There are 2 protein chains.
Amino acid sequence: MSSFIFDENTLRSFTESVFLSIGCSQSHAELAADVLLASDLRGIDSHGVARLSGYVRLWEKERINASPNIRVVHETASTATVDGDRGLGLVVAPFAMQIAMEKAEKYGSGWVSVRNSNHFGIAGYHALQAVAKDMIGFAMTNASPLVAPTFTTERLLGTNPMCYAFPAGNFPPVVVDMATSAAANGKLEIAQRSGKPIPEGWVQSNKGDATTDAHALKAGGSLLTLGSDREHGSHKGFGLSATVDILSAVLSGANYGPWAPPFVAFLDPLPNLPGEGIGHFVGAMRVDGFRPVEEFKQHMDNWIKRFKAAKPITEEQPVVIPGEPELEAEKERKIKGIPLVEPVVEDLNELADRLGIAGLPV
Amino acid sequence: MSSFIFDENTLRSFTESVFLSIGCSQSHAELAADVLLASDLRGIDSHGVARLSGYVRLWEKERINASPNIRVVHETASTATVDGDRGLGLVVAPFAMQIAMEKAEKYGSGWVSVRNSNHFGIAGYHALQAVAKDMIGFAMTNASPLVAPTFTTERLLGTNPMCYAFPAGNFPPVVVDMATSAAANGKLEIAQRSGKPIPEGWVQSNKGDATTDAHALKAGGSLLTLGSDREHGSHKGFGLSATVDILSAVLSGANYGPWAPPFVAFLDPLPNLPGEGIGHFVGAMRVDGFRPVEEFKQHMDNWIKRFKAAKPITEEQPVVIPGEPELEAEKERKIKGIPLVEPVVEDLNELADRLGIAGLPV
């Protein structure tokens, strides 16, 4: 598939102008664009500007509020609940992370559960805010249901990602940013386009059978949890996904399990929802709430060095430190630009037409 | 293999007398026995009294201190670091959890990283202390290295378990208590004894090849992380295990990665250790730091009810709520007693002889 290369600033201004044109404030438009660009820069193409028209379609259906009154509705010294007022998760989650970091500054740690929000982009963006302040960052979110727990054919959970981010010294931060499903939906879409079979263990059929058919999800099947099957620990993936769902949504008052509203505008939310919007959970802990920052960073460097030096199974593939590939992509794309495949560029320029703003230069 | 059934109280007094005889205080002996018995009652036979002689052998090597001065060495309002003074993890972790819960009581949440400790039993025991106080409980620990990260043949991580425990209303708590490896070591031992092959994806050979040989670990192979191989997300299991290692050990000043001291007394710790003992990380968050407890519990019940009602793939196997099997085992074993296989009983009675205390009645 042919693709076009855009420099970061071109994509950033385009994205800001899309958000401005649906009524976001200047600061919200800049922030939302920053979250999406971070994803494109870090090589996570599925969560960047490719999603822009999806956000706009949800706004057109009045499921996203472009000028939300995001507020703390409940709190203690180190905990809070935030109501996102149906705002873009791209601005709601940074608001919540800011609260978490302020609490951590004062009380050592801060934990914020968020309801009434929408898709928040990549978890890593939010967790990394804390790392910049010598804190350990946490971010997770529930998501529209595509994943079946062990032993059922029903899609009751989202790909529910969780992220833990740790500052290091001379090395870049360690960033564990992962869906709790065996495979990300983006990988499946690549296989669908290429017409190739997928590995057994990513998806099950609508009867719960193992399958290598990349189209089984669209035919009513479901994604599998990390671990893939019971023998290989799919119940652990289910437990992790459940943890994300409960911390993000049951704790905040958002919709959980199968009630998490779909991210696609053509599917309506279920009737009789038990909560509001989708939920996130973010947190920050000051490193020096436990030990001096320099000591911690020195040992993080030692940890990273030891794992990087591990004897590889094959010479050409050393151990990968979590967060390293995304940082490599970011370095490269900051210089060489961000590639977008043709259908994404077409979709964005149709969107620009519809909103009456300048399209991307092609 | 033949086994003997003991009632809970018999095993409890025996276990207490073992800990008393190595010099533990009455309260420490009772607490340590309570942690081990909880494991046997909950059906996790690998982490209960079967480990008693292992603890004693570590004490004989002066790697466990029976009368530790466990203390807080660093703290903020909601965070602390505890030095376990080489004590039994079975008493060090409850001390840390107590601090976490006191901080949560005052400031909404409490987080404690622990160094200079030893094996702490099952993570679930510690996390459940918080649930009893209408808090969400967290517990994790690093462990002696048996697990290879993705792309290496080296054992750099332990089975590093993590536990999240959530109170519910009419239903029992949801308890996600899991090793971050694909399979627990206990399952492997069962396969070794039965002479049966193991599923591919649990263990790799010393060359990093896939294997179904249950003895491959003893022959220099390694356990695999949750996800089993790169294609099925083993890098996620690595990320989770790394998270446990960093929060438990890099943050507290314990030994991390390959330096985590072996749990078996016949293997010495590596030279030039970067920290002290092994590490844990425990935490507690007050539910009402986020929303009223009754509201939360009502939605937890609704969550559990919905997942239990999920359409099963086969009629005979419904969805299993995390924590349910352990609770069922506990109910049964409280009434019918706790089965111990013959080699464990023999080992415990040899131990009793050696310590000059009464053995188990067989």
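The values are calculated or read from the model by the stated rules, or taken from the named source; none is laboratory data. Everything numeric in this text was worked out from a predicted model, so none of it was measured. As a convention, Cβ positions derive from the backbone with ideal geometry for all residues, glycine included, and neighbour counts pool all protein chains shown.
Exactly one residue out of A:GLU294, A:GLU350, A:GLU330, A:GLU346 is assigned by TED's automatic domain parsing to the domain that holds A:PRO173 and in a helix (DSSP H, G or I), and it is A:GLU294.
Taken over region B:89-108, the criterion of being among the charged types (D, E, K, R) and surrounded by fewer than 23 Cβ atoms within 10 Å (Cβ to Cβ) is satisfied by B:GLU102, B:GLU105, B:LYS106. So which residues in region B:222-245 are crowded, with 23+ Cβ neighbours inside 10 Å and either assigned to a loop (DSSP other than H, G, I, E, B) or aromatic (Phe, Trp, Tyr) (or both)? Matches in region B:222-245: B:LEU226, B:GLY227, B:SER228, B:GLY233, B:PHE238. For region A:111-136, how many residues are farther than 21 Å from A:GLY87 by Cβ, assigned to a strand (DSSP E or B) and in contact with a Phe, Trp or Tyr (Cβ under 9 Å, 6 or more places away or on another chain)? Matching residues across region A:111-136 total 1. When A:GLY208 is tested against (1) in a loop (DSSP other than H, G, I, E, B); (2) surrounded by 17 or more Cβ atoms within 10 Å (Cβ to Cβ); (3) away from chain B (no Cβ under 12 Å), only condition (3) is not met.
Restricting the first member to region A:10-37 and to residues that are at positive phi, and the second to residues that are of a type in the set (A, V, I, L, M), the beta-carbon pairs closer than 8 Å and six or more apart or on different chains are A:GLY23/A:ALA66.
In region A:317-362, of all residues being more than 22 Å from A:LEU128 (Cβ to Cβ) and among the acidic types (Asp, Glu), the one that is surrounded by the most Cβ atoms within 10 Å (Cβ to Cβ) corresponds to A:ASP347. Look at (1) facing chain B (nearest Cβ under 10 Å); (2) of a type outside the set (D, E, K, R); (3) in contact (Cβ under 8 Å) with a residue 12 or more places away in the chain and you find that A:VAL203 fails only one, number (1). Restricting B:GLY87, B:GLY124 to those that are farther than 28 Å from A:GLY233 by Cβ, in contact with a helix residue (DSSP H, G or I) (Cβ under 9 Å, 6 or more places away or on another chain) and more than 10 Å from every other protein chain (Cβ to nearest Cβ) reduces the list to B:GLY87. Tallying residues that are under 24 Å from the mean Cα position of the chain (by Cα), charged (D, E, K, R) and either surrounded by 14 or more Cβ atoms within 10 Å (Cβ to Cβ) or within 14 Å of chain A (Cβ to nearest Cβ) (or both) within region B:61-80 yields 1.
Kindly check whether there is at least one residue in region B:5-27 that is touching a Lys or Arg at 6+ places or on another chain (Cβ under 9 Å), farther than 15 Å from B:GLY89 by Cβ, surrounded by fewer than 20 Cβ atoms within 10 Å (Cβ to Cβ) and of a type outside the set (D, E, K, R). So far as region B:5-27 goes, yes, one or more of its residues are touching a Lys or Arg at 6+ places or on another chain (Cβ under 9 Å), farther than 15 Å from B:GLY89 by Cβ, surrounded by fewer than 20 Cβ atoms within 10 Å (Cβ to Cβ) and of a type outside the set (D, E, K, R). Whenever a residue of region B:290-319 is aliphatic (A, V, I, L, M), its partners that are part of a helix (DSSP H, G or I) and buried (at least 19 other Cβ atoms within 10 Å of the Cβ), lying with C-beta atoms within less than 9 angstrom and at least six residues away or across chains, give the pairs B:VAL293/B:VAL287; B:MET300/A:ILE246; B:MET300/A:VAL250; B:VAL319/A:PHE238; B:VAL319/B:PHE307.
For region A:127-136, filtering for residues that are in contact with a helix residue (DSSP H, G or I) (Cβ under 7 Å, 6 or more places away or on another chain) and buried (at least 24 other Cβ atoms within 10 Å of the Cβ) leaves 3. Once region A:276-291 is narrowed to residues that are in contact with a helix residue (DSSP H, G or I) (Cβ under 6 Å, 6 or more places away or on another chain) and of a type outside the set (A, V, I, L, M, F, W, C), the residue that is farthest from the other protein chains (Cβ to nearest Cβ) is A:HIS280. Each residue in region B:153-196 was checked for being of a type outside the set (Ser, Thr, Tyr), facing chain A (nearest Cβ under 9 Å) and farther than 28 Å from B:ILE136 by Cβ, and 2 pass. On inspection, B:GLU324 passes the criterion of being within 30 Å of A:GLY208 (Cβ to Cβ) and either small (Gly, Ala, Ser) or more than 10 Å from chain A (Cβ to nearest Cβ) (or both). For region B:101-109, check the following and say yes or no: at least one residue is hydroxyl-bearing (Ser, Thr, Tyr), in contact with a helix residue (DSSP H, G or I) (Cβ under 9 Å, 6 or more places away or on another chain), within 14 Å of chain A (Cβ to nearest Cβ) and part of a helix (DSSP H, G or I). Scanning region B:101-109 turns up at least one residue that is hydroxyl-bearing (Ser, Thr, Tyr), in contact with a helix residue (DSSP H, G or I) (Cβ under 9 Å, 6 or more places away or on another chain), within 14 Å of chain A (Cβ to nearest Cβ) and part of a helix (DSSP H, G or I).
You will find that of B:ALA242, B:ALA219, B:ALA254, the residue that is of a type in the set (A, V, I, L, M, F, W, C), facing another protein chain (nearest Cβ under 9 Å) and either more than 30 Å from A:HIS74 (Cα to Cα) or under 20 Å from the mean Cα position of the chain (by Cα) (or both) is B:ALA242 and no other.
Among residues belonging to region B:179-190 that are under 20 Å from B:SER234 (Cβ atoms) and in contact (Cβ under 8 Å) with a residue 60 or more places away in the chain, point out the one that is surrounded by the fewest Cβ atoms within 10 Å (Cβ to Cβ).
B:ASN185
Considering (1) of a type outside the set (A, V, I, L, M); (2) in a helix (DSSP H, G or I); (3) in contact with a Pro (Cβ under 8 Å, 6 or more places away or on another chain), say which one A:GLY54 fails and leave the rest. A:GLY54 satisfies every listed condition except (3). If you filter region A:25-49 down to residues that are touching a Gly at 6+ places or on another chain (Cβ under 9 Å) and among the hydrophobic types (A, V, I, L, M, F, W, C), you find that the one that is nearest to A:ALA184 (Cα to Cα) is A:ILE44.
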